[in-house]
Amino acid sequence: MALPIADYALIGDRQTGALVGTNGSIDWLCLPRFDSSACFAGLLGTDEHGHWQLCPVGDYEVSRRYVGASSALETTFTTPDGVVALTDVMPPYDGRADVVRRVRGVRGTVRMRHEWIVRLDYGAIVPWVRRETVDGEAVITAIGGPDRLVLRGPRLPRASDHRHSDEFDVAEGAVLTFSTTWLPSHVPLRGLGAIDERVAAAIAEEERWAERCRSDMPHPDLVRRSLSTLRLLTDAQTGGIVAAPTTSLPEDPGGERNWDYRFCWLRDAALTIGALIEAGYTAEAQLWRGWLLRAVAGDPGDLQIVYAVDGSRRLTELDLPHLPGYADSRPVRIGNGASLQRQLDVLGEVMIALEQVRQATGHADRSAWALQRALIESLARTWQQPDHGLWEIRGPQQHFTHSQAMVWAAFDRAVRAVEDFDLDGPVEEWRELRDTVHAEVLERGYDAGRGTFVQHYDTTEVDASLLVLPQIGFVAGDDPRMLGTIRAVEEDLVRDGLVLRYRTESGVDGLPGGEHPFLACSFWLVSAYARAGRTDDAHALFDRLCGLANDVGLLPEEYDAAHTRMIGNFPQAFSHLALVRAAFDLRGR
């Protein structure tokens, strides 16, 4: 049975990632990519939908940590008879994917249980499993369609009723290393080789990367872990960053607000660039920039808001009826229908990010500018149309204030590109459009009676996305209109001290049920407080939000304060992005 979300930690090879529970069970793993089908899908069902567990027999207490600044996870089990440490790590993908699990006896002798249940295609397929000998080594292989998983180790579990299990003793000083390797099923099985050197090199490289992060901000260790998590959620080959490594972890347990986040949103990729540059990772930002430019290439009219990790565009949304869902939350979905939505804010975030790269590097890529100019020229013809907004509303399209403010940002950054880097373009036309959009938002997106910006032009409701207007330069953080917006958000959207995206009872999203406070929105309020001069409030809220991270520094999409539990897909890139942004907004304040 799946654990509470907070009890999981993420390991990964920057091609995919696994969720490891405090009970030593890997309950979620898609191979070989984040958006591939899962071979361990117990997170969305039961153990019979696939998991891999190593834990003591009987009662135990647990503590865990990441090894230094790396993504190698060390879980320590303390039993009445002794202590064992389990280290989980995934070396970098190199045509194969490896999950390495090392059991080390620390004190006494501990009886361990080992269970390996492979179910391919999200738990739907029982593979063909057999014992083989490869280069003189006994292994267990599981094959189904294009996938082959190979279990190696000093003591292999025994088969019984479509599962493999074993019990064994681990004495003080003993070390047992197990690994599961994914390979295409058509590739000859040979030459698996040693993995110790790959593991050591992976840990050392991750620690070197994290040590370069700036530390002159509050909660620097958590900022560093957030940046490392964002890197872990990024495909090292393509540069695409997934919103989360999971699908269908519910926003409302038992409800239908269950979405697949294993894809790359332009918005998230763009915001990642900003976070990296601010943290001092200018060179690394180029990888994300390359993905952005490749993903959006083509006819501007074909621009999508979300793509697959490799930039593919077809993300057909399907239900998986054989899975009962996390906490009985159905449907379980793969794919994401939001790929067909129109969201005007996306181009604004892309233009902001590419402007940040230009400013940080002092270099303007004129071939990339040709693509950006085509996108801006298309926006000049379509910006007055309604859209679905950044929250991917599944109700009627609206003129969302945040979207229109991001249209202003897109034109503003286009003007800056011409002014600061001598790039070519109809700058006078863009200046006029920028000013026209700004005036329209102030007229139609602002409620003078209440003194607040509004969610969209035809409502008096507010939306947490309005909190980012100072971040993009649309309005000063201490402007009276912004101060009024902060008050309105506090009055309408703050629940148990945390911020909702919007009031679902307004019916704007066209979906039944509710949701819980969205952590990114709460971090946006931190930034808004800081820019409004409410420094004490900003630090107090930031401290509280950092305290909501789990024991290894990971954050979900939402948080249910009433039941003190994490909600939604996990770990969530958007939450970690917003944490980094808020930390830098608080720097020196």
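Rule-based calculations on the coordinates, nothing more; no lab input. As the structure is a computational prediction, the values presented were derived from the model and not from experiment. Please note: Cβ atoms are built from the backbone with ideal geometry, for glycine as well, and neighbour counts cover all protein chains shown.
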Loop trypsin sites (Lys or Arg not before Pro), the range 152-228 (other Cβ atoms within 10 Å of the site Cβ: 15 or fewer; DSSP) | Arg155, Arg190, Arg212
What is the set of long-range amide H partners of Arg64 at a cut-off below 5 Å, with H atoms built 1.01 Å from backbone N?
-> Thr76
Table column - 3J(HN,Hα) (Hz), the range 524-533, Karplus curve with 6.51, -1.76, 1.60, x for Gly and Pro | 4, 5, 4, 4, 5, 4, 4, 6, 8, x
Counting only residues 5 or more apart in sequence or on a different chain, those whose built amide H sits under 5 Å from that of Arg107 are Val83
Select from Gln356, Leu423, Thr282 the residue farthest towards the positive end of the dipole of the chain; place +1 on Cβ of Lys and Arg, -1 on Cβ of Asp and Glu, and compute about the Cα centre.
-> Thr282
Output ³J(HN,Hα) for the range 278-283: one whole-Hz value per residue in order, computed from phi by the Karplus curve 6.51 cos²θ - 1.76 cosθ + 1.60 with θ = phi - 60°, and x for Gly and Pro.
-> 5, 7, x, 9, 5, 5
Residues with amide H under 5 Å from that of Val134, placed H, sequence gap 5 or more | Val139
Estimated vicinal HN-Hα couplings, Hz - the range 257-273 in sequence order (Karplus 6.51, -1.76, 1.60; Gly, Pro = x) = 7, 10, 10, 8, 10, 8, 10, 10, 7, 3, 4, 5, 4, 5, 5, 4, 4
Between the alpha-carbon centers of the range 40-55 and the range 228-262, tell me the distance in whole angstrom.
-> 19 Å
Summed over the other residues with a beta carbon less than 10 angstrom from that of Asp47, with K and R at +1 and D and E at -1, the charge totals -1
So what's the net charge close to Leu579: Lys and Arg +1, Asp and Glu -1, counting the other residues with Cβ under 15 Å from its Cβ?
-> 0
Would you calculate, for the chain, the mean residue ellipticity at 222 nm contributed by helices, counting each DSSP H stretch of 4 or more residues as -39,500 (n - 2.57) and dividing by all residues, to the nearest 500?
-> -10500 deg cm²/dmol
Dipole in debye (nearest 20) - the chain, about Cα centre, beta carbon charges: Lys, Arg +1; Asp, Glu -1 = 1160 debye
